[in-house]
Amino acid sequence: MLLHPAYKLIIGDKIVDTTDEPQASTAVSLTVRLDMDTPADSFTLLLGQVGGFQPQRDDEARIELGFRDDALTLVMVGQVISADSGLTLRRVIGHGPAHKLLHHFTNQTYQAKSAGDIVSDLANQAGVEVARAESGILFPAYVVDGRLSFYHHMRALADLCGFDLYLDAEGKLVFAPFRSGNTIHLFDYAKQIVELEHWQTAPDAGEVQAWGEGPGGSDDTWAWLTKDFSGRKGTAGSGAPVRLLERPALRTAEAAQTAADAAYAHLTRQTLRGTLLSTGQPKVKLGDAIQLRNLPDASMNASFQVRSVTHLIDKVSGFTTRIGFRRSSI
């Protein structure tokens, strides 16, 4: 069956819908990049210098992708951050709502709050909606200082809890652990898979030890120091080398153990990573999983966590999607 790529762009007060008016678009190419390891999702739109479609900085954007004979799928919302013109092309670049988190700073101390509570409060201050924020570690005290942006504080909390941090297609924040994936997408050898690369590496460390500061106020502590950390450290894995994770906010044994488990899980999952190129897959999103099937390498016939998604529509390649993935289990 011949597939006809299609998209709907709403930028500012202009709508370009190729399912409604296939000849109306002056777009040369459209790239959408979604990545858990990059602070803000982005899109890049190249336009011919003809017609009246002239996106401007700060215009709100909404991007839907798919195929002409099927319903389009929302893949990203954002805002134009630059629109530069040449003689023949206009390059429009936009970022997702995470750019708000990157441009907000504060000095604030939270007491007896969970990581999810802190993340939700910071998102609210930045004007970013929250789709889901699970609790994670309960901190007796946690300091947010103005040397780092809201995003980087959230990233640090996600790492300690072993959570993913990303914005969904509606631009709402998700702070939650990866389990089996919101949706599992099937990819078969010689069908949906055009290219596949993967890398297997040894873990960077065999054991993780997490240390914090004393809680203060007990018989064997003075101020924020403690005489004996043995009851307040966390350990995961075994073997050399040992990675030390020192974070002052880890003031309880439970918090230290959670952080150690999270760091060890990250090291393990990073040992198997890869990328997959397919025909356009707009329904594959951050927070999902993919299942590879019927590959010649039987060890790769398994489920993996989606870590990045790059959609490309242009007049040469049509509509393609490149998916970055990593091991989903430890």
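FYI, it's all coordinate maths here, none of it is from the lab. Computed from a prediction, not measured in an experiment: that's the story for all the values here. Positions of Cβ are backbone-derived with ideal geometry, glycine not excepted, and every protein chain shown enters the neighbour counts.
Taking the Kirkwood radius as Rh and the Cα radius of gyration as Rg, the range 100-176 has a ratio of Rg/Rh equal to 0.92. Amide H contacts for N182 (H built 1.01 Å from N in the peptide plane; partners 5 or more residues away or on another chain; cut-off under 5 Å): D288, A289.
Rounded to whole numbers, the Karplus 3J(HN,Hα) couplings from phi for the range 94-103 are x, 10, x, x, 4, 5, 5, 5, 6, 10 Hz, using 6.51 cos²θ - 1.76 cosθ + 1.60 with θ = phi - 60°, and x at Gly and Pro. When only alpha carbons of the range 1-138 are considered, Rg and Dmax amount to 18.5, 59 Å.
Starting from the Cα of K285, draw a straight line to each of the lysines and keep only those under 19 Å, dropping any in the same chain fewer than 8 residues away. Cross-link targets: K8, K172. Quotient of the Cα radius of gyration of the chain and 2.2 N^0.38 Å, N being its number of residues: 1.14.
Normalised Debye scattering of the range 229-327 at q = 0.12, 0.13, 0.15 Å⁻¹ gives log10 I(q)/I(0) of -0.59, -0.65, -0.76, counting only Cα atoms as equal scatterers and leaving out solvent.
Sparse packing (at most 13 other Cβ atoms within 10 Å of the Cβ) combined with a DSSP loop state is found for the following trypsin sites (Lys or Arg not before Pro) in the range 145-200: R147, R179, K191.
Neighbour counts of C-beta atoms inside 10 Å place H95, H311, H103, H266 in the sequence H103, H266, H95, H311, starting with the fewest. Considering only Q305, Q291, Q79, the mean-square fluctuation computed in a Gaussian network model of the chain, springs between alpha carbons under 10 angstrom, is largest for Q291.
When the GluC sites (Glu not before Pro) in the range 52-129 are filtered for DSSP coil states and for at most 13 other beta-carbon atoms within 10 Å of their beta-carbon, the remaining sites are E129.
In this structure, the amide hydrogen of L250, modeled 1.01 Å from its nitrogen in the peptide plane, lies closer than 5 angstrom to those of E213, counting only residues at least 5 positions away or on a different chain.
Largest GNM mean-square fluctuation among A123, A298, A141, using the chain with Cα springs under 10 Å: A298. To the nearest ten degrees, helix 150-161 and the longest principal axis of the Cα atoms of the chain are 60 degrees apart. Pairing the Cα long axis of helix 115-126 with the longest principal axis of the chain, what angle in degrees results, from 0 to 90 and rounded to the nearest 10? The two axes meet at around 50 degrees.
Report, for the chain, the % of DSSP beta bridges that are antiparallel, rounded to 5. The antiparallel proportion sits near 85 percent.
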